[in-house]
Amino acid sequence: EESVVDQLFEGKKQLYAGVESLMEAAEKVLGLEAADRANVIVRLDAGGGTVESVNWLLKRGYEVITKDFSGNRAQKLAATVTQWHDDPKHEGRQIGEVTQPADYVREVRRIAVRCPRRNGDWAVGILITTLTPADVMRLARQPIDGKEDERCV
C-alpha cells in the first residue's frame, strides 16, 4: 500500500503516453534488473492498454494484465470468439477467448467479456494478459484442480 512513483502529467496526457516513463522511474526506485522484471505483474487500466504500451512492457520482460485501449478493436476481436461461456456470478455476462492472431511481441491471452446493454447491444471489453489460468488461480488463492497449492496458504 505504498506509492512507488508519483508523477503529475499535464491534464490532456493519456496513461499510454506515460507508461514508459512511469515504469522506468519505478525500475529505478525498486532497483529492478532484467531478471527481476519477469517476477513483476504490471496491471494497467484500459488507458494504458495500447498495443505499443503492452509491447514495450513485454519487451522489458514484465508480466501484464490490462484491458485493451480500443473499443472498436474490442468489438472486432469479440466477433472472433467461437464459444461464449456464461459467468455464473453475473447474470447476462459472458466470456470467451479471442481467436484472432495477436500483434504482440510475446504470447498473450485475450479474453473477451461482454454484458448486455439496455438497448440489446453488447458492451464489450478485451482483457490482455500473459498470465496463465493457473497463475490467476494461485494469485486469487483458489485451489487448482480441487487441490490446495501450498504456495497460496
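Summary of values
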{"quantity": "Subset of Lys13/Lys76; Lys67/Lys89; Lys12/Lys59; Lys28/Lys59 violating a 24 Å alpha-carbon distance limit", "calculated": "Lys13/Lys76; Lys12/Lys59"}
{"quantity": "Neighbour cut-off at most 14 other Cβ (10 Å), DSSP loop, trypsin sites (Lys or Arg not before Pro), the range 37-141", "calculated": "Lys89, Arg117, Arg118, Arg141"}
{"quantity": "Rg [Å, one decimal], Dmax [Å, integer] - the range 1-72, C-alpha atoms", "calculated": "12.2, 38"}
{"quantity": "Residue of Thr99, Thr82, Thr129 that the Gaussian network model of the chain assigns the largest fluctuation, springs spanning Cα pairs under 10 Å", "calculated": "Thr82"}
{"quantity": "Cα-based shape type of the range 35-119, given that a ≥ b ≥ c are square roots of the gyration tensor eigenvalues and the cut on a/c is 1.5", "calculated": "prolate"}
{"quantity": "Gyration tensor verdict on the chain (Cα atoms; rounded if a/c is under 1.5, prolate if a/b is larger than b/c, oblate otherwise)", "calculated": "oblate"}
{"quantity": "Residue-averaged [θ]222 nm for the chain, counting only DSSP H segments that reach four residues, each worth -39500 (n - 2.57)", "calculated": "-7000 deg cm²/dmol"}
{"quantity": "Gaussian network model of the chain, Cα within-10 Å springs - most flexible of Gly120, Gly96, Gly71", "calculated": "Gly120"}
{"quantity": "Cleavage-rule hits (GluC sites (Glu not before Pro)) in the range 1-107: DSSP loop, at most 12 neighbouring Cβ within 10 angstrom", "calculated": "Glu1, Glu2, Glu10, Glu33, Glu91, Glu107"}
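Values quoted throughout were computed directly from the atomic coordinates according to the rules given, and no laboratory measurement underlies them. Keep in mind the model is a prediction, meaning the values are calculated, not measured. Heads up, the Cβs are rebuilt from the backbone with ideal geometry, glycines too, and the neighbour counts pull from every protein chain shown.
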